[in-house]
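See structure below.
What follows draws every value from the coordinates through simple rules; no lab data is involved. Predicted model, so just to flag it, every value in this text is computed and none were measured. Here Cβ is always computed from backbone atoms with ideal geometry, including for glycine, and neighbour counts include all displayed protein chains.
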Amino acid sequence: MTTPVGPYTPIVRTGDWLVTSGQIGLRDGTLVTGGVDGELRQAIANLEALLVAEGAGLGDVVKTTVFLRHMSDYGPMNEAYVDCFGDHRPARSAVGVAELPLGALVEIEAWARVS
């Protein structure tokens with residue numbers, strides 16, 4: 001699991017809900033290579049690790065928000081997102097932003113419901 005880059009909790013449980021803080025493509029404290037594809041795949045792996053530690057998984061995710069440095073990365077982001085989530089399709093928002101922590105190209109946060 002990745003250490004947070006700020007003063008926040010990576011995942012919080014409230015009743016049947018798990019809410020994650022935004023995850024970027026960090027592995028061993030460094031952004032992975034591979035552009036938005038590599039970063040998103042790692043960010044989702046980090047997200048999945050947080051969920052698994054709480055007894056959940058990507059299949060329990062009901063909503064994600066994806067933050068993109070460049071909206072021109074929307075297509076490649078979609079390809080990596082579908083590869084990672086498979087046939088599961090949580091509700092999603094994708095937002096263009098001016099900057100992300102550590103110069104990341106993409107960040108993802110999620111809500112998951114577990115019983």
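Counting only alpha carbon atoms, the long axis of helix 74-85 and the longest principal axis of the chain meet at about 30°. With the convex hull constructed from alpha-carbon coordinates only, the chain shows a mean projected area of 6.7 nm² over all directions. Compute the separation of the alpha-carbon centres of the range 51-106 and the range 4-44 and state it in Å as a whole number. Comparing the Cα centres of the range 51-106 and the range 4-44, I get a distance of 10 Å. The modelled label-to-label distance for the pair Phe85/Tyr8, using points 7 Å beyond Cα in the direction of Cβ, is 1.9 nm. Going by alpha carbons, how many degrees (0 to 90, nearest 10) lie between the helix axis of 35-53 and the longest principal axis of the chain? Helix 35-53 and the main axis of the chain meet at about 10 degrees. Report summary: the helix-based calculation at 222 nm, which adds -39500 (n - 2.57) for every DSSP H run with n ≥ 4 and divides by the residues of the chain, gives -9000 deg cm²/dmol.
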